[in-house]
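A short worksheet on the structure shown next.
The values are calculated or read from the model by the stated rules, or taken from the named source; none is laboratory data. Just so it is clear, the model here is predicted, and its values are computed rather than measured. A quick note on method: Cβ atoms are made from the backbone with ideal geometry, for glycine too, and the neighbour counts reach across all protein chains shown.
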Amino acid sequence: MPFNSTFDSVFTEGCDLHYWYQGTGPLLVFIPGGGGIGRQFNPLFEHLDNKFTACTYDRRQTNSSTVTKHKLLNPAQQARDVIAICKSLGREKTSIFANSGGGIIAFQFAVSYPEFLDRVIVHEAPTTILLDDATYHLDRAFMLLDIYRAHGVEAAFEAFRTEMKGFEDSPPLAVPSQEDGKNFWENEFLQFTIYCPDLRKIRYNDVSIAVAAGVKSADAFYARTTVPQSAILDCPRFLFPGHHLGYEVEPAIFASELVRAFEKMMIAPPHV
């Protein structure tokens, strides 16, 4: 059915965490990346609500999920936020789809709290430390921070977007507010760019996990990271429609591929 979600909130670890959900069936939580705004996943809900209880949220200290004082992003705390939503909905487990920096949170979730997970798909998580040109990306991360500090949010995002691929024919997409953009650069960017949870521990935890890249992302760094991720995790690597945010542009096709991927994961053992 068209987007018609139920909105709710749960207070956890000093944050009034706002989430919304739609549909019936197993819980599937969508974790947003940089900027933390859950509405980017709303177009998927009408295509998934006959198979899942589709749920997303504004990550802590972004948009409607307010805190009294902003702090540096803690991936483990971010994972606990999803657990709080899961418990608020009366669920013992959830599946996860996480994009970009949200994938770092999903990986940390699988390391720290695997008992709450059913199946996990991580889409284009920027674990640049795994790339052959990791030093370049490390240097670039600090260069982008310097641009932010010298010239502000828009200049930093403009420089950041120079290495994004597949957006040439894309319609305009939602962008974070000035406040959320500032929070990204000051409190999230480095963790999402230079931190990689211990993927070997995820194998040890026997989590059913897969990674995915967008077809239009081509050889963008955040698509290339999925190759070593898949190798270390010994897990499937799927190709999904579109670019880094393909689910916003092609939600029906993307949702179909997402369902197919989850179904394949049910048939296959956790590591293939």
Would you be able to tell me the number of residues in segment 161-204 that are among the basic types (Lys, Arg) and more than 30 Å from Val67 (Cα to Cα)?
4
The conditions are (1) of a type in the set (D, E, K, R); (2) within 17 Å of Gly102 (Cβ to Cβ); (3) exposed (fewer than 14 other Cβ atoms within 10 Å of the Cβ), and Arg260 fails exactly one of them. Which is it?
(2)
If we keep only residues of segment 14-53 that are without any contact (Cβ under 8 Å) to a residue 40 or more places away in the chain and among the small types (Gly, Ala, Ser), then the residue surrounded by the fewest Cβ atoms within 10 Å (Cβ to Cβ) is Gly25
List the pairs whose first member sits in segment 245-272 and is of a type in the set (Gly, Ala, Ser), whose second member is at pLDDT 95 or above and in a helix (DSSP H, G or I), and whose Cβ atoms are under 6 Å apart, counting only residues at least 6 apart or on separate chains?
Gly246/Phe254; Ala252/His47; Ala255/Leu44; Ala255/His47; Ala255/Leu48
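Mind checking which residues of segment 119-147 are assigned to a helix (DSSP H, G or I) and free of Cβ contacts under 8 Å to residues at least 40 places away in the same chain?
Matches in segment 119-147: Ala134, Thr135, Tyr136, Asp139, Arg140, Phe142, Met143, Asp146, Ile147.
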Every residue in segment 228-237 that is surrounded by fewer than 18 Cβ atoms within 10 Å (Cβ to Cβ) and within 17 Å of the chain's Cα centre (by Cα), please.
Arg237
Just give me the residues in segment 226-263 being charged (D, E, K, R) and more than 17 Å from Phe107 (Cα to Cα), in sequence order.
Glu248, Glu250, Glu257, Arg260, Glu263
Confirm whether Gly38 is touching a His at 6+ places or on another chain (Cβ under 9 Å) and modelled with pLDDT of 95 or more.
yes
Is it the case that segment 141-155 has a residue that's farther than 17 Å from Tyr195 by Cβ, among the aliphatic types (A, V, I, L, M) and either modelled with pLDDT under 95 or surrounded by 15 or more Cβ atoms within 10 Å (Cβ to Cβ) (or both)?
yes
Restricting the search to segment 148-194, which residues are of a type in the set (Phe, Trp, Tyr) and in contact (Cβ under 8 Å) with a residue 60 or more places away in the chain?
Phe167, Phe184, Phe189, Phe192
